[in-house]
1. Just the residues that are more than 30 Å from the chain's Cα centre (by Cα) and either within 18 Å of Gln265 (Cβ to Cβ) or surrounded by 12 or more Cβ atoms within 10 Å (Cβ to Cβ) (or both), please, taken from the stretch 318-332.
2. Please go through the stretch 143-169 and pick out each residue that is assigned to a loop (DSSP other than H, G, I, E, B) and touching a residue at least 40 places away in the same chain (Cβ under 8 Å).
3. Return the residues of the stretch 29-50 that are surrounded by fewer than 18 Cβ atoms within 10 Å (Cβ to Cβ), assigned to a helix (DSSP H, G or I), of a type outside the set (D, E, K, R) and more than 12 Å from the chain's Cα centre (by Cα); say none if nothing qualifies.
4. May I ask you to list the residues in the stretch 51-88 that are touching a Pro at 6+ places or on another chain (Cβ under 6 Å) and either loosely packed, with under 13 Cβ neighbours inside 10 Å or over 20 Å from Leu159 (Cβ atoms) (or both)?
5. Answer with yes or no whether Phe131 is surrounded by 14 or more Cβ atoms within 10 Å (Cβ to Cβ) and within 22 Å of Leu184 (Cβ to Cβ).
6. What about Ser232, is it part of a helix (DSSP H, G or I) and farther than 23 Å from Ala333 by Cβ?
7. Given the residues Leu172, Leu180, Leu192, Leu188, which is the only one that is free of Cβ contacts under 8 Å to residues at least 40 places away in the same chain and assigned to a helix (DSSP H, G or I)?
8. Every residue in the stretch 269-302 that is hydroxyl-bearing (Ser, Thr, Tyr) and outside any helix (DSSP H, G or I), please.
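The values are calculated or read from the model by the stated rules, or taken from the named source; none is laboratory data. Model, not experiment: these values are computed from the prediction. Reconstructed Cβ throughout: ideal geometry from the backbone, glycine too, with neighbour counts over all protein chains shown.
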Amino acid sequence: MGTVLPGVIAFVAGTALAVAALVPWAALQYRRHGSLGFRRSVLAFATLVYSLALVTYTLLPLPDDVSALCPGPSPQLVPFTFLQDIAKEGGVSGPRSLLSNPAAAQVLFNVILFMPLGALVRHAVLRHRWFAGMVLGTAVGFGVSLLIECTQLTGDWFLYPCAYRLFDVDDLLANTTGALLGTLAAPLIALLAGSDRRSDVSAPRPVTLLRRGFGMLADLLAIVFTGGLLTSGTAIALALLEVDERSGLAVVLLSVCALVAPVGQLVIVVATGRTLGEHVVRLRPVPRAGFGRRLVRWALGSGGWSFASAVTFPFSGLVAFVLAVAALVGLVATRDRRGFANAVAGLGVEDDRTTAVVPGRAAQEDLVD
C-alpha cells in the first residue's frame with residue numbers, strides 16, 4: 001500500500017487540478033489550434049498527473065514523528081554504490097531478477113520514472129532537433145533530480161529539522177539516465193499528441209453537439225468553482241475571526257459570495273451577447289441580439305440556473321431543476337444545437353470565426369428587440 005498511495009494521491013490531485021484548469025486550458029486550445037483536441041487534452045492530463053507523481057513518489061510519505069528524525073540518514077555520495085548493493089542482494093542473473101532484486105528494482109524504477117520527463121521536454125521544446133532535444137531533456141532531468149535530492153537532503157528545505165529521505169548520488173545518475181533514454185522516446189509522445197500539421201486557426205469549425213455541450217460545461221464549472229471558492233474562503237475567514245456564521249454580517253457576506261457567479265455571468269452576457277462558455281469554445285449567437293434577448297438568454301440559461309441555485313425564493317429549487325433539464329433537452333432537440341435559451345430568444349449559434357454578415361443587417365435585426 002505504501003508504494004500505491006503516492007500514485008493514488010497523484011491521480012486524485014491531478015484530476016482535481018485538471019478539472020479546475022479545464023476552462024482556461026480549453027480557451028487556450030481553441031485559440032492556438034482552432035479546436036480542443038482530444039489527444040492533446042489526454043496528453044496534458046497525463047503530464048499533470050505525471051508531474052504530481054514525481055513529487056509524491058519522491059517526497060511521500062511524510063514523517064509522522066518529527067522528534068525521531070534526527071540524526072537523519074547520511075548522504076550517499078559515492079557513485080555506482082548501487083552495484084555493490086545489487087551484488088549483496090544476490091546479483092542479476094536474468095530479466096526476472098531485475099524485479100526480484102530490491103536494489104536492482106530501485107535503480108530500474110528510478111530510470112523509468114524519469115523517462116517521461118525527457119520525452120515530454122524534447123517533444124515540447126525541440127522535437128525536430130534530435131541532438132539538441134536530447135541535451136535539453138537530459139539537462140532538465142538532471143536539474144529536476146538534483147532539486148528533488150536537495151529537497152530530501154534539507155528536510156523539505158528545512159521544514160523538518162533533519163532529512164527524512166536519503167540523498168543518493170546514484171539516484172541522481174539513474175534519474176538523469178532515465179531522462180536521456182526518454183528523449184529517444186519523444187516520437188511516441190508526438191504520435192499520442194496527433195499530427196503536427198498546422199491547421200488554419202482562423203477557419204470556422206462546425207457547431208457540434210460535443211462542442212456546444214463543452215461550452216455549457218465550461219459555464220457550469222466556472223459558476224461552481226467561483227461560488228464554491230468565494231463561499232469557502234469567506235467561511236474560513238469568518239471562522240478564523242471567530243464570527244458566528246448565523247450573524248447578520250456572515251449571512252450577508254455568504255449571500256454576496258453566492259451571487260457573484262450569476263451576476264458575473266449576467267455582466268458577461270449583457271456586455272458581449274454570449275456566455276463565458278461560448279467565449280471559451282468560440283461560439284456566438286446569431287443574429288446580433290439586443291439587450292432584451294440577451295437578458296432572456298441569461299435568465300433561461302446558466303445565469304438563471306445559478307441564480308435560482310444561490311437564492312432562496314418560492315420554488316427556487318424547482319426552477320433550477322427545470323432550467324437544468326431544459327438546457328440538456330434543448331441541446332439535443334434544437335436545430336443547429338442552439339439550445340433552449342437561444343431558441344426562446346429567437347437566436348441561433350455559429351462559430352465566431354464565421355465571416356461577418358452584410359453591413360446594416362445587424363442594425364436592422366437589433367430593431368426587432
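1. Scanning the stretch 318-332 gives Val319, Val322.
2. Scanning the stretch 143-169 gives Tyr160, Pro161, Cys162, Ala163, Tyr164, Arg165, Leu166, Phe167.
3. Phe38, Tyr50
4. Hit for the stretch 51-88 is Cys70, nothing else.
5. No; evaluated as a whole, the condition is false for this residue.
6. Yes, satisfied.
7. Testing whether each residue is free of Cβ contacts under 8 Å to residues at least 40 places away in the same chain and assigned to a helix (DSSP H, G or I) leaves just Leu172.
8. Once the filter is applied, which keeps residues that are hydroxyl-bearing (Ser, Thr, Tyr) and outside any helix (DSSP H, G or I), the stretch 269-302 yields only Thr275.
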